[in-house]
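Take a look at the structure below.
The values are calculated or read from the model by the stated rules, or taken from the named source; none is laboratory data. The model shown is predicted, which means the values in this text are computed figures rather than measured ones. Here Cβ is always computed from backbone atoms with ideal geometry, including for glycine, and neighbour counts include all displayed protein chains.
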Amino acid sequence: MNSSGVLKSSSSELDLDRPNIEDYLPSGAAIQQEPRGKLRLHDLLDISPTLSEAAGAIVDDSFTRCFKSNPPEPWNWNIYLFPLWCFGVLLRYLIVFPTRVLVLTIGWIIFLSSFIPVHFLLKGHDRLRRSIERSLVEMICSFFVASWTGVVRYHGPRPSRRPKQVFVANHTSMIDFIVLEQMTAFAVIMQKHPGWVGLLQSTILESVGCIWFNRSEAKDREIVARKLREHVQGADNNPLLIFPEGTCVNNHYTVMFKKGAFELGCTVCPVAIKYNKIFVDAFWNSRKQSFTKHLLQLMTSWAVVCDVWYLEPQSLKPGETPIEFAERVRDIISTRAGLKKVPWDGYLKYSRPSPKHRERK
Amino acid sequence: MGNTSSMLTQYDIEEVQQHCKHAFTQQEIVSLYQRFCQLDRNNCGFIPSDEFLSIPEFAVNPLSQSLLRMLDGFNFKEFIAFLSAFSPRSTLQHKIEFIFKVYDTDCNGKVSFDDMLTVLRDLTGQYMSEHQRKEVLAQVLEEAGYTKDSFLVLSDFMKILGNSDLKMEAEVPVD
């Protein structure tokens, strides 16, 4: 039992210290005639610590900071740099952008003209078809990356194809997947999107073995968990890539990892991705722009620079719960990529904390 | 940064400063204005209470409901006036007035037994039964010289909380 003098402190555990009052109750088991720290009206009425916390949250809170796109410092503000910047804009929009669109179109033509025949003609020879489709997907992703002049540095051993392993990475934008897919064909688990992205998802990504989920469906989680387990067991399936944050975060912080990926009973290989904002901010602020606009923004900037680290595979330690495991892996990824950890659930972006959380506080 | 500070002129800042009795520096007012614009997503000039609930740190605070009651439909001046109680430059009296307002749920200038019980309930939740809460509150009130039926007014609060150093501050990030 902590000392009742603690009631006056500015700790936020004010309510958890309340059990002290039970000592003080006349009907309580232990009737203390003179309790060590007398509970006075003053202590009862002093709600300042809780109020300070609330005001602190109103003024600035760590959750909103995770999703803020920080605009880069403007450097084109003086008379010499401004014309240079204008020239750069013209160059980017009139020369570089059309070239990139051309490159991308060529890439798509090659891809589709090889993918569609292979998909239908080699129906019987699954193994061969799969390996060709895999190389084709890797190729189109390289084309995508080239179309934004992606400068990606890969560190660490390349992922190998083994059963019972899962890859987890921090999530900044949909292009995370493309950057990683360029090196190795992963099977990924994603939110089903509308529009042309959804079309891509259902046709091409299906061939690499992707799994869909829908955030808004409640029963979805069990179905998805089952699909995940089935996938990992299969030796022939592509290694599975999961983004346990569940949502795009602005590459300065990591939010809490969902434990789903860590309960599958396989080794978890962490991958850390850090984008360099020198030319463009790769964070896709899904509240502010659609994916198409985001892609266009990437294609009209000079380059997308990022580092990818493939880190040491981790397994569940004896006596560790999946949640602790998830936190440990999040720690590893955050340290490697230089991100700050934040104790919030990414899904709070879409919904409110339930009254349960408030009660607990 | 960019265009938000250009919407707030020097006159506006000074007016707001006057309104909150110089509790905040001009830099802090600019930062708070950015925060206000961030919360006022639909640009309607005031913050609906929903917005505060979408801040997880605020929503899990035990006193969020009482504070929401006070915070509804705030425009920027009222927002600053509300937060001015949390500035290190505000007086102890101002802070005590704020606490009084949190307790005074029906805004009639008097805090009743039930008002205090409500706040106590928010803070303790399921850790104490209703009966225990009433007991404790009654006991503590008696010791301080009040009864269950007495109403506390602002001067009572000043007397009770006045001679302590109340720590009620929130730091405004200034970039």
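Can you confirm whether the stretch A:164-180 contains a residue that is under 21 Å from the mean Cα position of the chain (by Cα), more than 20 Å from A:Asp307 (Cβ to Cβ) and touching a residue at least 60 places away in the same chain (Cβ under 8 Å)?
From the stretch A:164-180, those under 21 Å from the mean Cα position of the chain (by Cα) are A:165-180; that's our starting set.
This time we only want the ones that are more than 20 Å from A:Asp307 (Cβ to Cβ), so: A:165-166.
This time we only want the ones that are touching a residue at least 60 places away in the same chain (Cβ under 8 Å), so: A:165-166.
Checked the stretch A:164-180: at least one residue is under 21 Å from the mean Cα position of the chain (by Cα), more than 20 Å from A:Asp307 (Cβ to Cβ) and touching a residue at least 60 places away in the same chain (Cβ under 8 Å).
Restricting attention to the stretch A:273-300, and to residues there that are farther than 21 Å from A:Tyr253 by Cα and in contact with a Phe, Trp or Tyr (Cβ under 6 Å, 6 or more places away or on another chain), which single residue is surrounded by the fewest Cβ atoms within 10 Å (Cβ to Cβ)?
A:Thr300
Surrounded by 17 or more Cβ atoms within 10 Å (Cβ to Cβ), under 30 Å from B:Leu83 (Cβ atoms), more than 7 Å from chain A (Cβ to nearest Cβ) and of a type outside the set (Asp, Glu): does that describe B:Leu152?
Values: surrounded by 17 or more Cβ atoms within 10 Å (Cβ to Cβ): yes; under 30 Å from B:Leu83 (Cβ atoms): yes; more than 7 Å from chain A (Cβ to nearest Cβ): yes; of a type outside the set (Asp, Glu): yes.
In short, yes.
Kindly list the number of the only condition in (1) without any contact (Cβ under 8 Å) to a residue 60 or more places away in the chain; (2) touching a Leu at 6+ places or on another chain (Cβ under 7 Å) that fails for B:Ile80.
(1)
Just for the stretch A:301-315: of the residues that are at pLDDT 85 or above and assigned to a loop (DSSP other than H, G, I, E, B), which one is surrounded by the most Cβ atoms within 10 Å (Cβ to Cβ)?
A:Leu311
Can you find a residue that is crowded, with 16+ Cβ neighbours inside 10 Å, in contact with a Leu (Cβ under 6 Å, 6 or more places away or on another chain), more than 9 Å from every other protein chain (Cβ to nearest Cβ) and of a type in the set (Val, Ile, Thr) anywhere in the stretch B:94-101?
Taking every residue of the stretch B:94-101 in turn, at least one turns out to be crowded, with 16+ Cβ neighbours inside 10 Å, in contact with a Leu (Cβ under 6 Å, 6 or more places away or on another chain), more than 9 Å from every other protein chain (Cβ to nearest Cβ) and of a type in the set (Val, Ile, Thr).
Any idea which of B:Gln17, B:Gln65, B:Gln10 is under 19 Å from the mean Cα position of the chain (by Cα), farther than 21 Å from B:Glu171 by Cβ and among the polar types (S, T, N, Q)?
Just one listed residue meets the conditions, B:Gln65.
Looking only at the stretch B:164-175, which residues are more than 9 Å from every other protein chain (Cβ to nearest Cβ) and over 22 Å from B:Leu63 (Cβ atoms)? I'd like the intermediate steps shown before the answer.
Taking the stretch B:164-175 first, the residues more than 9 Å from every other protein chain (Cβ to nearest Cβ) are B:165, B:174-175.
Those that are more than 9 Å from every other protein chain (Cβ to nearest Cβ) and over 22 Å from B:Leu63 (Cβ atoms): B:Val174, B:Asp175.
Applying the selection to the stretch B:45-77, what residues are surrounded by fewer than 20 Cβ atoms within 10 Å (Cβ to Cβ), in contact (Cβ under 8 Å) with a residue 60 or more places away in the chain and either of a type in the set (Gly, Ala, Ser) or within 12 Å of chain A (Cβ to nearest Cβ) (or both)?
Hit for the stretch B:45-77 is B:Leu63, nothing else.
Could you say whether any residue in the stretch B:128-142 is modelled with pLDDT of 80 or more, surrounded by fewer than 13 Cβ atoms within 10 Å (Cβ to Cβ), hydroxyl-bearing (Ser, Thr, Tyr) and outside the structural domain of B:Ile55 (by the TED database)?
yes
Return the pairs, sorted by first residue and then second, in which the second residue is among the polar types (S, T, N, Q), the first residue lies in the stretch B:121-144 and is within 7 Å of another protein chain (Cβ to nearest Cβ), the beta carbons are less than 7 Å apart, and the residues are 6+ apart or on different chains.
Every condition considered, the pairs that remain are B:Leu123/A:Thr50; B:Glu135/A:Ser27; B:Leu141/B:Thr147.
Do the conditions hold for A:Ile223, that is, is it within 24 Å of A:Ile333 (Cβ to Cβ) and of a type in the set (A, V, I, L, M)?
Values: within 24 Å of A:Ile333 (Cβ to Cβ): no; of a type in the set (A, V, I, L, M): yes.
No; evaluated as a whole, the condition is false for this residue.
What residue, among those in the stretch A:58-68 that are surrounded by 21 or more Cβ atoms within 10 Å (Cβ to Cβ) and within 19 Å of A:Asn250 (Cβ to Cβ), is farthest from the other protein chains (Cβ to nearest Cβ)?
As a first pass, look at the stretch A:58-68 and keep what is surrounded by 21 or more Cβ atoms within 10 Å (Cβ to Cβ): A:58, A:63, A:66.
So of that shortlist, the ones also within 19 Å of A:Asn250 (Cβ to Cβ) come out as A:63, A:66.
Numbers: A:Phe63: 5, A:Cys66: 11 Å.
Top of the filtered list is A:Cys66.
Let's see how each residue does on (1) charged (D, E, K, R); (2) farther than 22 Å from B:Gln18 by Cβ; (3) not assigned by the TED database to the domain that holds B:Tyr146:
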site: B:Ser49; (1), (2), (3): no, yes, yes
site: B:Pro62; (1), (2), (3): no, yes, yes
site: B:Asp72; (1), (2), (3): yes, yes, yes
site: B:Val111; (1), (2), (3): no, yes, no
site: B:Thr118; (1), (2), (3): no, yes, no
site: B:Arg121; (1), (2), (3): yes, yes, no
